[in-house]
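K.L.:
Dropping the structure in here first, questions after.
Derivation of every value follows stated rules applied to the coordinates shown; laboratory data play no part. Keep in mind that this is a model prediction, so the values were computed, not measured. Glycine also receives a Cβ, built like all others from the backbone with ideal geometry; neighbour counts cover every protein chain displayed.
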Amino acid sequence: MIAIKSKEEIKVMREGGKILAGILEKLRENVKPGKSAQELDKLARELVFSSGARPSFLGYAPNGRGEGYPAALCVSVNDEIVHGIPEKNKIIFEGDLVKLDMGVEHKKMHTDATVMVGVGKIPKVAEKIMKVTEECLYLGIGAIAPGKKISDYARAVESHAQICGFSVVRDLVGHGVGYSVHEPPQVLNYFHKKLGNIVLKVGMTLALEPMINEGGYEIYLADDGWTYKTLDGKLNGHWEHTVAVTKDGCEVLTEIRN
């Protein structure tokens with residue numbers, strides 16, 4: 001069942017989204033050559049706890065799996081798509097494409113967002129995929145409104161990615177968010193006539209997260225049991241915002257200043 005949030009609940013999510021955006025902005029500033037992903041996770045924990053909020057991902061165990069996620073922040077680099085574990089030996093290098101994905105729980109309501117960072121001088125294809133993925137996200141946001149369908153969002157994302165020569169990951173999707181970090185519905189980033197027919201309503205809150213590959217859309221799960229990677233080893237792009245469906249369209253709750 002898809003939860004409809006009240007105005008007061010969306011206000012709380014707006015507050016949490018502002019906290020999350022501020023944390024991601026500070027984390028983005030600290031992505032530098034020689035920095036370890038573990039250092040970024042340590043900073044993320046310090047920032048979220050000092051704000052009075054909690055990290056949504058720390059200890060999160062989807063589908064009742066055993067041990068939960070071991071960090072507050074996902075740090076996915078280059079061909080890593082999502083859930084990259086911020087380990088001590090994961091060092092950031094010049095030219096890397098880094099994706100910082102984090103969720104925040106504020107007053108029992110969750111928001112979720114991802115920002116991409118190009119480290120120093122990055123390859124032209126990395127510049128392009130970072131730009132195109134962000135464009136896909138905002139084109140998708142533009143398709144969110146009451147009475148529209150998730151398929152309208154999906155078409156906007158997929159068509160732009162394909163026009164630009166990239167593919168859309170199919171085995172990972174966006175999702176509802178709010179009472180939990182993952183809620184119904186699934187929000188596909190590609191068109192599927194049977195899975196994208198949910199009609200959007202005022203009060204729905206969604207985590208929109210196009211995942212765009214340089215090469216093919218096929219992916220695999222790494223040996224750590226968390227990190228998803230592109231099957232062909234080529235680059236992936238991932239941006240994400242939490243939005244609320246409003247009577248006029250939608251509101252981005254996790255907007256990050258540029």
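K.L.:
Based on other C-beta atoms within 10 Å, arrange ASP112, ASP79 from fewest to most.
P.N.:
Lowest to highest Cβ neighbour count: ASP79, ASP112.
K.L.:
Enter the Cα centre distance for the pair the range 183-258 and the range 57-93, rounded to the nearest angstrom.
P.N.:
17
K.L.:
Continuing with the same structure: What list of ³J(HN,Hα) couplings, whole Hz, do you get for the range 209-223 from phi and the Karplus terms 6.51, -1.76, 1.60, once you set θ to phi - 60° and write x for glycine and proline?
P.N.:
For the range 209-223, the Karplus-derived couplings read 8, x, 10, 10, 9, 5, x, x, 7, 5, 9, 8, 8, 6, 5 Hz, x marking Gly and Pro.
K.L.:
Which ³J(HN,Hα) values, rounded to whole Hz and listed in residue order, are derived for the range 125-132 from phi using the Karplus coefficients 6.51, -1.76 and 1.60 in 6.51 cos²θ - 1.76 cosθ + 1.60 with θ = phi - 60°, glycine and proline given as x?
P.N.:
Coupling constants for the range 125-132: 5, 5, 4, 5, 5, 5, 5, 5 Hz.
K.L.:
All other residues with a Cβ under 12 Å from the Cβ of VAL199 taken together, and with Lys, Arg as +1 and Asp, Glu as -1, what is their net charge? List each step's numbers first, then the result.
P.N.:
Numbers: positive: LYS148, LYS149, LYS201; negative: ASP152.
The answer is +2.
K.L.:
Then there is this: Residues with beta-carbon under 12 Å from that of GLU46, excluding GLU46: net charge, scoring Lys, Arg +1 and Asp, Glu -1?
P.N.:
Around GLU46, the surrounding residues sum to +1.
K.L.:
Order these by the 10 Å Cβ neighbour count, fewest first: GLU9, GLU240, GLU87.
P.N.:
Arranged by neighbour count, lowest to highest, GLU9, GLU240, GLU87 become GLU87, GLU9, GLU240.
K.L.:
Right, another one. For LYS108 and GLU87, calculate 0.36 nm times their separation in residues minus their Cα-Cα distance, and state this gained length in nm to one decimal.
P.N.:
That pair, LYS108 and GLU87, stretches by 4.8 nm at full extension.
K.L.:
Extension gain ASP232-SER36, at 0.36 nm per residue separation less the Cα-Cα distance, in nm? Don't skip to the end; give the middle numbers.
P.N.:
Details: separation 196, 0.36 × 196 = 70.56 nm, distance 2.51 nm.
Once the chain is fully extended between ASP232 and SER36, it gains 68.0 nm.
K.L.:
Please work out whether the range 79-200 counts as rounded, prolate or oblate from its C-alpha gyration tensor, where a ≥ b ≥ c are the square roots of the eigenvalues and a/c under 1.5 means rounded, while otherwise a/b larger than b/c means prolate and anything else oblate? Present the calculation step by step, with values, prior to reporting the outcome.
P.N.:
On the way: a/c = 2.29, a/b = 1.28, b/c = 1.79.
Oblate.
K.L.:
Another question, if that's okay. Regarding the chain, what is the average projected area of its C-alpha convex hull, in nm²?
P.N.:
12.6
K.L.:
Count neighbours as other Cβ atoms within 10 Å of each site's Cβ, and list the trypsin sites (Lys or Arg not before Pro) in the range 119-154 that are DSSP loop with at most 12 such neighbours.
P.N.:
Listed in order of number, the matching sites are LYS121.
K.L.:
Another question about this same structure. Would you please give the residues with an amide H less than 5 Å from that of ILE256, counting only those at least 5 places away or on a separate chain, with H modeled from the backbone geometry?
P.N.:
none
K.L.:
Right, something else. Given an 8 Å cut-off on Cα distances and at least 6 residues of separation, report the relative contact order of the chain as a percent. Working shown, then result.
P.N.:
Values: 667 pairs, mean separation 58.8, N = 258.
Value for the chain: 23 percent.
K.L.:
If amide H atoms are built 1.01 Å from N in the plane of the peptide, which residues on other chains or at least 5 residues away come under 5 Å of the amide H of LYS148?
P.N.:
Distant-sequence amide H within range of LYS148: LEU200.
K.L.:
So, one more: Take VAL104, VAL75, VAL245 and order them by how many other Cβ atoms sit within 10 Å, fewest up front.
P.N.:
The order, fewest Cβ neighbours first, is VAL245, VAL75, VAL104.
K.L.:
Relative contact order, percent, of the range 161-208 when contacts are C-alpha pairs under 8 Å separated by at least 6 residues?
P.N.:
This gives 36 percent for the range 161-208.
K.L.:
In addition: Using the Karplus curve 6.51 cos²θ - 1.76 cosθ + 1.60 with θ = phi - 60°, what ³J(HN,Hα) values do you get for each residue of the range 93-110, in whole Hz, with x for Gly and Pro?
P.N.:
Per-residue couplings from phi come out as 10, 3, x, 6, 10, 10, 10, 10, 10, 8, x, 10, 9, 10, 6, 6, 10, 10 Hz.
K.L.:
Quick one: net charge of GLU80's neighbours, Cβ under 14 Å, K/R +1, D/E -1?
P.N.:
In short, -4.
K.L.:
Related question: Amide H neighbours of TYR60 under 5 Å, at least 5 residues apart or on other chains, H built in the peptide plane: list them.
P.N.:
Long-range HN contacts for TYR60: TYR69.
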